[in-house]
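To keep things clear, I will list the structure first and then write my remarks on it.
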Amino acid sequence: MIVAIDGPSGSGKSSVAREVARRCGLTYLDTGAMYRSVALACLERGVDVGDAEAVAEVARDLTIEFKSEKDAQRVSVNGADVTDEIRTPEVEWAVSPVSAIPAVRETMVALQRQAGERGDVVAEGRDIGTVVFPRADVKVFLSASPEARARRRAVQRGGGNLATGETVAVDAEAERQILADLVRRDEYDSSREASPLRPAEDATRIDSSELGFEEVVDAVLSLSPELRERAERRAS
């Protein structure tokens, strides 16, 4: 079974996809982390993210692996753990131009489809339901207002997690900068030529702006009898 969850940055798709996978006994595939890994490698190697050929060469040179650790997932690139490094503001800035390069997307999509061939995955990203897995059993486009997404991201960077109720004080100016960055990335991701951010025609749209985390997860599970049955069996 393949579940595809797409949406803009900060919409909560990673947390939701991870929880759906956990409840249903599926493999969580964080495709955004793959593009972030390429962006990080470019920054570390001094590669200009505007040099499409050089960035594509970096992407082809990487071995990206995921490892589950309790309730978290660790990401390694060529054997080195980069879980924290790929979430920095510097990588956040670089990932949009990197992910817009067709040759990079071609390399990453091939890896994502290989994971899907092994079956039973929950994949999240921006083109999962439209490009990577167009025949996914369940397709969701998860969105939220830019303001709600900026708040979540600001709390996350401060060490909290609104999905689990862990709130922390955030700097107002930092939150405004995050909002500006999100709006910029939305525009970039939606207007790029290669696999632009958009809902699949048959995707169910869920706006999480005013919904709690559990409400969003339940909404996704309700879309498929098989998902509900899997979750119920594992919970019993």
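Pairing residues of segment 198-215 that are β-branched (V, I, T) with residues that are part of a helix (DSSP H, G or I), at Cβ distances under 8 Å and at least 6 apart in sequence or on separate chains, gives I206/V216; I206/A219; I206/V220.
So if I check each of A172, A144, A150, which one is over 16 Å from the mean Cα position of the chain (by Cα) and over 18 Å from D30 (Cα atoms)?
Values: A144 fails: over 16 Å from the mean Cα position of the chain (by Cα); A150 fails: over 16 Å from the mean Cα position of the chain (by Cα).
Result of the check over A172, A144, A150: A172.
Counting just the residues of segment 191-236 that are under 19 Å from C24 (Cα atoms) and in a loop (DSSP other than H, G, I, E, B), which one comes out most open to solvent (accessible area, probe 1.4 Å)? Within segment 191-236, the match that is most open to solvent (accessible area, probe 1.4 Å) is S236.
Among the residues of segment 185-215, write down those that are touching a Leu at 6+ places or on another chain (Cβ under 7 Å) and either modelled with pLDDT of 95 or more or closer than 24 Å to A56 by Cβ (or both).
To start, the set of residues in segment 185-215 that are touching a Leu at 6+ places or on another chain (Cβ under 7 Å) comprises 189-190, 204, 206, 208.
The answer is D189, S190, T204, I206.
Within the option set A169, A136, being at negative phi and either touching a residue at least 24 places away in the same chain (Cβ under 8 Å) or open to solvent by less than 40 Å² (accessible area, probe 1.4 Å) (or both) holds for one residue only, A136.
Tallying residues that are open to solvent by 20 Å² or more (accessible area, probe 1.4 Å) and farther than 17 Å from V132 by Cβ within segment 86-105 yields 6.
For I128, indicate whether it is touching a Ser or Thr at 6+ places or on another chain (Cβ under 8 Å), under 28 Å from R157 (Cβ atoms), among the β-branched types (V, I, T) and open to solvent by 10 Å² or more (accessible area, probe 1.4 Å). Working first, answer last.
Details: touching a Ser or Thr at 6+ places or on another chain (Cβ under 8 Å): yes; under 28 Å from R157 (Cβ atoms): yes; among the β-branched types (V, I, T): yes; open to solvent by 10 Å² or more (accessible area, probe 1.4 Å): no.
No: the conditions fail for I128.
Just one of the numbered conditions (1) farther than 15 Å from A17 by Cα; (2) open to solvent by 40 Å² or more (accessible area, probe 1.4 Å); (3) in contact with a strand residue (DSSP E or B) (Cβ under 8 Å, 6 or more places away or on another chain) is not true of R152: (3).
The values are calculated or read from the model by the stated rules, or taken from the named source; none is laboratory data. Note that this is a predicted model, so its numbers are computed, not measured. For neighbour counting, all protein chains shown are included, and Cβ atoms are generated from backbone atoms with ideal geometry for every residue, glycine included. Calculation scope for accessible area: heavy atoms of the full protein, side chains included, ligands and nucleic acids excluded. Shrake-Rupley method; radii C 1.70, N 1.55, O 1.52, S 1.80 Å.
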